[in-house]
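Trainee: A single structure is presented below for examination.
Values quoted throughout were computed directly from the atomic coordinates according to the rules given, and no laboratory measurement underlies them. Bear in mind that the values here come from a model prediction, so they are computed numbers and not experimental data. Cβ: placed from backbone, ideal geometry, glycine included. Neighbour counts: every protein chain shown.
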């Protein structure tokens with residue numbers, strides 16, 4: 001039920017109750033108005049009651065909107081991802097064309113490439129209509145003409161010759177085998193594969209597979225025929241041969257706004273689209289010539305220190321040529337002629353398909369004079385304010401004109417430097433921005449194909465799993481609470497003794513889905529957070545100095561993570577704390593479980609995105 005309809009019903013109830021009281025007090029007047037039991041037999045009087053109920057309901061709605069307008073505007077300017085709509089997101093697998101590129105030189109599928117799919121919607125007349133959905137690639141991804149042919153769990157003694165390449169202290173209990181076959185026109189050994197990216201595609205097994213590879217991996221071996229190669233990290237790289245994706249500067253799914261803190265975006269992505277973190281790269285394959293001699297297939301062996309019999313593997317468990325996408329695309333909006341009697345204008349993404357096209361954010365606003373002169377207009381609270389600019393623009397989000405639908409409309413207004421309304425004449429606004437298709441991508445099916453916009457060695461791309469749900473902007477009074485919570489957290493420290501855990505939980509609740517039981521249980525599963533001031537050497541060279549930092553110990557209750565992954569949450573928190581810390585001060589996180597002895601996992605010390613040791 002929309003707010004306007006609820007207020008209308010409240011006003012109608014009040015009017016009928018007051019009419020009934022008036023009828024008892026003044027029966028003669030009520031008889032002339034034909035009022036009885038709160039109703040009138042005269043249709044004109046009844047229509048008047050409904051009209052006044054609608055008008056007073058709208059007045060109350062406007063008052064509520066004005067009351068929330070200032071916190072909404074501040075939240076939109078300072079922490080836009082807390083108020084904007086969350087578009088649909090998904091993971092796609094490319095159907096690589098074997099001869100679509102010269103893979104001997106490699107092929108990088110760049111971030112920002114667009115793909116188009118058709119979603120079926122039922123119109124008001126009951127007919128089916130096919131509408132386009134546009135998605136944008138979020139990860140730069142190397143595509144190869146390879147596919148996973150088979151995945152299985154093997155006994156520890158089933159692979160001959162392993163004892164010759166492993167050290168004596170390497171103890172493992174089981175082997176996960178991935179057989180990869182060639183679909184291209186060249187031998188595999190000719191492809192310059194140094195990193196091979198996999199996606200954990202079976203969503204029912206993502207958490208146990210992630211935990212098994214993070215916590216129980218003792219080695220990775222590449223088998224080509226009878227030749228076995230133990231992969232080792234290159235000097236100066238991380239201590240693992242696996243590199244989990246989703247944390248890098250170019251691996252954001254949600255857009256990074258200028259001036260916003262990327263640490264908050266990382267938390268929001270974890271709760272909104274956790275699948276983006278289930279990608280990993282297998283490193284150093286070319287450097288160690290692991291695929292030398294491979295023609296049509298090779299095998300990757302993960303050596304685990306625990307039994308993997310409880311894991312049900314399939315061809316979907318490990319997938320190649322996958323990448324995350326988001327239903328956001330750039331668009332140049334229809335020019336807006338400026339009027340002398342108006343200073344605020346609605347920006348429409350698509351007038352014809354209004355309910356399937358939403359303006360997500362504005363990226364560029366220009367004014368064009370009648371003589372053709374172009375001036376760039378900057379946002380009022382943007383990071384690059386220019387004291388010489390005549391005008392600034394401010395965007396405002398409002399509820400949809402159609403009640404009951406998720407999403408919002410965007411208005412843009414021009415102001416002068418003193419924040420008085422600007423009304424330039426003989427000028428036209430030229431606006432660029434990002435759009436989404438609201439709920440339309442929810443109609444896409446698992447396995448449905450999307451077509452690449454432009455050229456590339458891809459026949460199509462299939463949807464792996466169903467897209468995430470569209471979550472429209474909420475412009476209610478709750479945003480006041482969000483703004484105050486976020487601002488108050490900026491004044492608190494996560495090393496403030498007993499309040500550290502409460503501050504961390506409050507921060508996580510800001511960015512999680514309040515209706516998700518899984519999210520709430522994960523936060524409730526954080527039992528204790530202790531901090532300790534430490535000093536560590538920067539790097540291994542003797543001439544380097546020392547750096548002060550904070551060691552955080554997080555105790556969790558694993559029973560609260562039955563349908564989620566505590567190690568992944570720990571990884572996200574480790575990166576978040578590194579981005580959240582102050583200059584020249586590192587943060588190191590260690591995870592402790594109440595069901596395990598000692599430290600379960602300890603991450604490297606971080607300052608920003610940099611590992612300092």
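Trainee: Subtracting the Cα-Cα distance from 0.36 nm times the residue separation, let me have the gained length for residue 44 to residue 446 in nm, one decimal.
Mentor: 139.3 nm
Trainee: Which length gain, in nm to one decimal place, applies between residue 528 and residue 240 when the Cα-Cα distance is subtracted from 0.36 nm times their residue separation?
Mentor: 100.8 nm is the gain from fully extending residue 528 to residue 240.
Trainee: Moving to a separate point now. With a 10 Å Cβ neighbour count serving as the proxy for reagent exposure, in which order, fewest first, do 108, 60 appear?
Mentor: Taking fewest neighbouring Cβ atoms as first place, the list is 108, 60.
Trainee: Between residue 559 and residue 406, what's the calculated FRET efficiency when r is the beta-carbon distance and R0 is 30 Å? Round to 0.05.
Mentor: FRET efficiency, residue 559 to residue 406: 0.30.
Trainee: Take the Cβ-Cβ distance between residue 537 and residue 169 as r, set R0 to 25 Å, and report the resulting FRET efficiency rounded to the nearest 0.05.
Mentor: The formula returns an efficiency of 0.40 here.
Trainee: Please determine, in degrees from 0 to 90 and to the nearest 10, the orientation of helix 566-580 with respect to the longest principal axis defined by the Cα atoms of the chain, where the helix direction is its Cα long axis.
Mentor: Helix 566-580 sits roughly 70 degrees off the main axis of the chain.
Trainee: Ranking request for peptides 84-95, 187-198, 164-175: highest mean number of other beta-carbon atoms within 10 Å first, then the rest in descending order.
Mentor: My ranking of the peptides, most packed first, is 84-95, 187-198, 164-175.
Trainee: Over all directions, what mean area does the Cα convex hull of the chain project, stated in square nanometres?
Mentor: For the Cα atoms of the chain, the hull's average projected area reads 37.8 nm².
Trainee: Still on this structure, please answer the following. Per 0.36 nm of contour for each residue apart, how much would the distance between residue 353 and residue 521 grow if the chain were fully extended, relative to their Cα-Cα spacing?
Mentor: 56.6 nm
Trainee: For a quick size check, give me the Cα extents of region 80-235 along its three principal axes, largest first, whole Å.
Mentor: If we take the Cα atoms of region 80-235, the spans are 70, 37, 33 Å.
Trainee: Quick one: work out Rg over Rh on the C-alpha atoms of region 256-350, Rh as Kirkwood radius.
Mentor: On the Cα set of region 256-350, Rg over Rh gives 1.20.
Trainee: How many nm is it between the label spots at residue 62 and residue 18, if each spot is 7 Å from the Cα in line with the beta carbon?
Mentor: 1.8 nm
Trainee: Arrange 307, 582 by Cβ neighbour counts within 10 Å, fewest through most, would you?
Mentor: Least crowded to most crowded, the residues run 582, 307.
Trainee: Taking every alpha carbon pair in region 478-611, what does the distance histogram look like in 5 angstrom bins from 0, in percent?
Mentor: Spelled out per bin, shortest first, that is 2, 9, 18, 22, 20, 14, 8, 4, 2, 1, 0.
Trainee: Hey, what angle do you get for helix 262-272 against the long axis of the chain, alpha-carbon based, 0 to 90 degrees rounded to 10?
Mentor: Value to nearest ten degrees: 90.
Trainee: Restricting to region 478-611, compute how many DSSP beta bridges are antiparallel as a %, nearest 5.
Mentor: 65 percent
Trainee: Going by how many other Cβ atoms sit within 10 Å of their own, how do 14, 54, 575 line up, fewest first?
Mentor: Listing 14, 54, 575 from fewest to most nearby Cβ atoms yields 14, 54, 575.
Trainee: Further question: Can you give the FRET efficiency to the nearest 0.05 for residue 505 and residue 130, using r as the Cβ-Cβ distance and R₀ = 51 Å?
Mentor: E between residue 505 and residue 130, to the nearest 0.05, is 0.70.
Trainee: So, one more: Please give the calculated 222 nm ellipticity per residue for the chain, where each DSSP H segment of at least 4 residues contributes -39500 (n - 2.57) and the sum is spread over every residue; nearest 500 deg cm²/dmol?
Mentor: -7500 deg cm²/dmol
Trainee: Now, a different point. Against the longest alpha carbon principal axis of the chain, how many degrees, from 0 to 90 and to the nearest 10, is the axis of helix 500-511 turned?
Mentor: Helix 500-511 sits at roughly 70 degrees to that axis.
Trainee: With the crude spin-label approximation of a point 7 Å out along Cα→Cβ, what separation in nm comes out for residue 478 versus residue 158?
Mentor: The two pseudo-label positions are separated by 4.9 nm.
Trainee: Next question, about the same structure. Averaging sequence separations of C-alpha pairs under 8 Å and six or more residues apart, then dividing by the length of the chain, give the relative contact order as a whole percent.
Mentor: Answer for the chain is 16 percent.
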